[in-house]
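Heads up, the thing below is written out as structure tokens.
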Amino acid sequence: MKRRDFLKSTAVIVAGASVSLSALEFVDPKELLAANPQLRWGFLVDTHKCVGCGFCVKACKTENDIPFEANVTRTWVERYVIKTDGEVVMDCPKGARDGFTTKLLDQGASGNRLIPENEIAQAFFVPKLCNHCSTPACVQVCPVGATYQTADGTVLVDRTWCIGCGYCIMGCPYGVRFFHPVEHVADKCTFCYHRISKGGNTACAQACPFGARQIGNLKDPNDPVAQALMNQRVGVLRDEYGTKPNVYYIGLNKEVR
Amino acid sequence: MVEQVAQMIVHGEAWTIKDLFVLPNEYVYWSIQIVMYPYMTGLVAGAFVLSSLYHVFNVEKLKAIARYALVFSFALLPVAMMPLMLHLMQPLRGIHVLMTPHFTSAISAFGIVFMAYACIVAAEIWFVYRKFIVESIHRLEQKSNRSGLEKILLPIYKVISLGAMDLSSEALESDHKAVKFLAGLGIPVACFLHGYAGFIFGSVKANALWMTPLMPVIFICSAIVSGIALCILSYYIFMEMRKWAAKRGKNWLLPDALAQGGTAIPVEQLRSIQDHEVKMTSKYLLIFMTLAITLEVLDMIFRGYTAVKSWDALRMVIYEHDFMKIFVYQYGLGNFLPFLMLLLPGLTTRRAVIASILVLFGVFMMRWNVVIGGQAFSLTFAGFMEYHLPIIPHDIETFKEGLGGALSVIVTPFIIFYFLNMIFPAFMSDDEAH
């Protein structure tokens with residue numbers, strides 16, 4: 001082999017190898033997400049589209065191994081009934097796991113309540129889930145750092161490290177956290193991190209027949225969620241706590257708590 | 001099938017009754033053990049502050065009860081951790097709080113503050129009892145036929161003496177200085193230990209009832225009140241037991257006499273010490289009670305006056321759901337009645353003791369009303385939760401977080417104290433200790 005050929009082929013091999021190796025590193029999702037500041041997961045709920053079928057709750061429980069019979073859930077749907085006299089009556093039987101199949105409103109120990117139709121001014125449904133706050137109270141109060149925020153903004157729980165003190169459950173202003181009945185550690189919505197980090201959709205958004213739920217990248221101006229935030233009037237829940245929530249609602253009433 | 005369903009009872013569901021609109025994941029997650037936790041740390045801090053009144057500020061009148069309060073505070077110390085361990089869903093991981101603390105969390109300070117405080121109390125006891133330890137070693141060594149208990153005690157004393165056998169007057173003088181320094185250092189640390197327990201609650205911004213900067217201060221004041229009250233009560237009970245036992249020669253009730261060999265104090269002397277100490281201590285109880293009640297009432301008035309969004313729900317809880325617990329049990333029976341009892345002239349020992357029992361009950365109810373009351377309303381302010389203490393346990397969880405767990409927390413310090421009293425006699429009558 002001539003020296004010239006040797007140098008030539010060496011250059012080709014090195015260049016080829018470095019390109020393919022860098023590509024290998026490039027597709028490592030963890031590296032990609034951590035290093036890429038262009039990604040911030042957010043969620044958009046269009047309350048006008050929600051009909052309270054509860055498919056999202058069912059799908060979430062199935063996807064994330066939250067026991068179906070347990071009275072805790074990572075996401076739920078609330079029903080609001082506003083009467084003509086201004087009274088607001090709300091309910092959320094079993095987190096709306098089975099949907100709202102009756103006109104009776106579940107009032108806990110006070111029993112069921114039926115509001116005559118002529119007294120109803122308006123009624124609507126509001127789905128809820130973890131807000132994956134930018135300054136999450138739960139992460140702040142965790143004494144062992146078992147709850148943490150990823151670089152792309154989701155708030156997760158390390159099941160192997162959680163001591164089960166319940167401080168995060170107390171610290172969350174949205175009541176999205178609970179003790180997992182089987183794992184006996186704190187649990188909450190992860191935005192289906194195992195799916196979205198591989199390019200998939202969240203189980204709830206996928207199950208919603210009316211497109212009321214949408215996950216998206218708030219940093220991408222072409223993302224439908226980011227565009228909706230720019231072009232539409234949206235609200236967030238309980239911003240007075242300073243947690244900077246990232247679940248946005250279209251058609252949020254002042255009655256929604 | 002039954003087991004499957006039982007397993008699906010989520011934590012908190014067994015003792016929570018929801019009314020009106022409560023979010024699906026909301027339960028009374030922090031139950032009786034979290035009531036016990038600030039209560040027990042409060043007792044530790046209060047007992048220590050009482051002992052420091054003598055050691056730092058030279059309140060001579062409190063001399064006898066100060067030594068007792070110090071040893072009792074040490075016996076209470078490990079028990080302050082017990083409710084937390086009983087409460088944790090993963091108790092085996094409890095050590096993570098010490099090993100991997102996450103410093104933005106108030107709880108992570110626990111390891112550092114608790115350990116520092118434990119070291120201070122242990123060191124102070126060591127300096128207070130050093131002379132006694134050395135003398136005991138000499139006494140036991142000279143004895144030719146040692147009893148079984150003395151055979152155990154001698155090596156214990158030898159180890160805890162740490163080889164410091166110097167009993168010269170200079171050495172004792174420096175012991176004295178060390179005690180004073182440690183007792184002085186211990187007061188802010190004890191207040192911090194408990195103030196931070198208040199901070200754990202006061203800093204939860206999601207909870208409308210807890211979130212107030214007054215919380216740590218209220219906790220410290222009520223801690224000192226309850227600590228002093230428990231010292232008065234337990235001192236009285238132990239003294240009564242000792243009187244009873246001394247008359248009848250029942251040495252098993254006198255662990256120190258059992259261990260140190262017949263140094264029981266004559267009954268008459270016991271009675272005069274007891275009367276004197278109980279009455280003196282109740283004066284200090286009165287001072288700290290005034291402070292605690294003032295702060296608590298200030299907090300309540302402030303909430304009602306500012307009446308922010310949460311006040312509608314809080315008012316329902318305070319004036320309706322928990323009216324009996326707050327105004328009758330906590331303020332009425334637990335604060336104003338003992339306050340009057342202590343204030344009226346001609347204070348007798350018995351009256352002081354009854355007042356102390358009421359004060360202890362009042363502080364317990366205060367903790368209850370803060371911890372359970374803070375979870376009595378939904379985050380939506382549109383629903384309420386009622387807590388039912390599990391009395392008869394049907395599984396390990398309802399035992400741990402029920403009456404059984406609470407009682408084991410209450411009983412344990414007395415068991416520890418019984419054995420600790422053998423090593424460090426808390427009721428020594430003479431001037432051999434500081």
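The values are calculated or read from the model by the stated rules, or taken from the named source; none is laboratory data. Only a predicted model underlies this, so the values are computations on that prediction, with no experimental measurement involved. Cβ coordinates were reconstructed from backbone atoms using ideal geometry, including for glycine residues, and neighbour counts include every protein chain displayed. Only protein heavy atoms, including side chains, enter the accessible area calculation; ligands, DNA and RNA are left aside. Shrake-Rupley method; radii C 1.70, N 1.55, O 1.52, S 1.80 Å.
Below, the figures for the structure above:
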{"quantity": "Residues of the stretch B:85-127 classified as part of a loop (DSSP other than H, G, I, E, B), among the small types (Gly, Ala, Ser) and open to solvent by 10 Å² or more (accessible area, probe 1.4 Å), total", "calculated": "1"}
{"quantity": "Failed item in (1) under 24 Å from A:Asp98 (Cβ atoms); (2) buried (at least 17 other Cβ atoms within 10 Å of the Cβ); (3) among the β-branched types (Val, Ile, Thr); (4) within 9 Å of another protein chain (Cβ to nearest Cβ), with A:Val182 passing the rest", "calculated": "(2)"}
{"quantity": "Long-range neighbours under 6 Å by Cβ, at least six apart or interchain, first residue more than 8 Å from chain A (Cβ to nearest Cβ) within the stretch B:380-396, second at pLDDT below 90", "calculated": "B:Pro390/B:Thr398"}
{"quantity": "Qualifying residue in the stretch A:228-242 (condition: touching a strand residue (DSSP E or B) at 6+ places or on another chain (Cβ under 9 Å), assigned to a loop (DSSP other than H, G, I, E, B) and of a type in the set (Gly, Ala, Ser))", "calculated": "no"}
{"quantity": "Scope the stretch B:285-307; condition open to solvent by 70 Å² or more (accessible area, probe 1.4 Å) and not hydroxyl-bearing (Ser, Thr, Tyr); matching residues", "calculated": "B:Ile287, B:Leu291, B:Leu298, B:Ile301, B:Phe302"}
{"quantity": "Residues located in the stretch A:185-219, provided they are within 14 Å of chain B (Cβ to nearest Cβ) and under 21 Å from A:Val126 (Cβ atoms)", "calculated": "A:Lys188, A:Cys189"}
{"quantity": "B:Leu344 vs. criteria within 30 Å of B:Ser272 (Cα to Cα) and open to solvent by 80 Å² or more (accessible area, probe 1.4 Å)", "calculated": "yes"}
{"quantity": "Check on B:Val49, among the β-branched types (Val, Ile, Thr) and out of contact with any Asp or Glu (no Cβ under 9 Å at 6 or more places or on another chain)", "calculated": "yes"}
{"quantity": "Any chance B:Leu88 is under 24 Å from B:Ile120 (Cβ atoms) and among the aliphatic types (A, V, I, L, M)", "calculated": "no"}
{"quantity": "Boolean, B:Ser51 is polar (S, T, N, Q), within 24 Å of A:Val176 (Cα to Cα) and crowded, with 24+ Cβ neighbours inside 10 Å", "calculated": "no"}
{"quantity": "Residue count for the stretch B:102-118, restricted to those that are at the interface with chain A (Cβ under 8 Å from one of its Cβ atoms) and out of contact with any Gly (no Cβ under 6 Å at 6 or more places or on another chain)", "calculated": "6"}
{"quantity": "Complete set of residues in the stretch A:213-227 that are hydrophobic (A, V, I, L, M, F, W, C) and part of a loop (DSSP other than H, G, I, E, B)", "calculated": "A:Leu218"}
{"quantity": "When residues of the stretch A:44-69 are limited to those that are among the charged types (D, E, K, R) and open to solvent by 20 Å² or more (accessible area, probe 1.4 Å), the one nearest to B:Pro24 (Cα to Cα)", "calculated": "A:Glu69"}
{"quantity": "Residues that are more than 11 Å from every other protein chain (Cβ to nearest Cβ) and out of contact with any strand residue (DSSP E or B) (no Cβ under 7 Å at 6 or more places or on another chain), drawn from the stretch A:62-86", "calculated": "A:Thr62, A:Glu63, A:Asn64, A:Asp65, A:Asp85, A:Gly86"}
{"quantity": "Test: residue in the stretch B:419-430 that is in contact with a Phe, Trp or Tyr (Cβ under 7 Å, 6 or more places away or on another chain) and under 14 Å from B:Asp322 (Cβ atoms)", "calculated": "no"}
{"quantity": "Condition check for B:Phe361: surrounded by fewer than 17 Cβ atoms within 10 Å (Cβ to Cβ) and within 22 Å of the chain's Cα centre (by Cα)", "calculated": "no"}
{"quantity": "Answer from B:Phe381, B:Phe377 - the residue that is touching a Ser or Thr at 6+ places or on another chain (Cβ under 7 Å) and open to solvent by 10 Å² or more (accessible area, probe 1.4 Å)", "calculated": "B:Phe381"}
{"quantity": "Only one of B:Ile65, B:Ile34, B:Ile9, B:Ile17 that is at the interface with another protein chain (Cβ under 10 Å from one of its Cβ atoms), in a helix (DSSP H, G or I) and more than 15 Å from B:Phe114 (Cβ to Cβ)", "calculated": "B:Ile34"}
{"quantity": "Residue match in the stretch B:71-84 (condition: open to solvent by 20 Å² or more (accessible area, probe 1.4 Å), part of a helix (DSSP H, G or I) and in contact with a Leu (Cβ under 8 Å, 6 or more places away or on another chain))", "calculated": "yes"}
{"quantity": "Candidate set: the stretch B:189-233, residues that are farther than 23 Å from B:Ala123 by Cβ and among the aromatic types (Phe, Trp, Tyr); chosen: the one surrounded by the most Cβ atoms within 10 Å (Cβ to Cβ)", "calculated": "B:Phe219"}
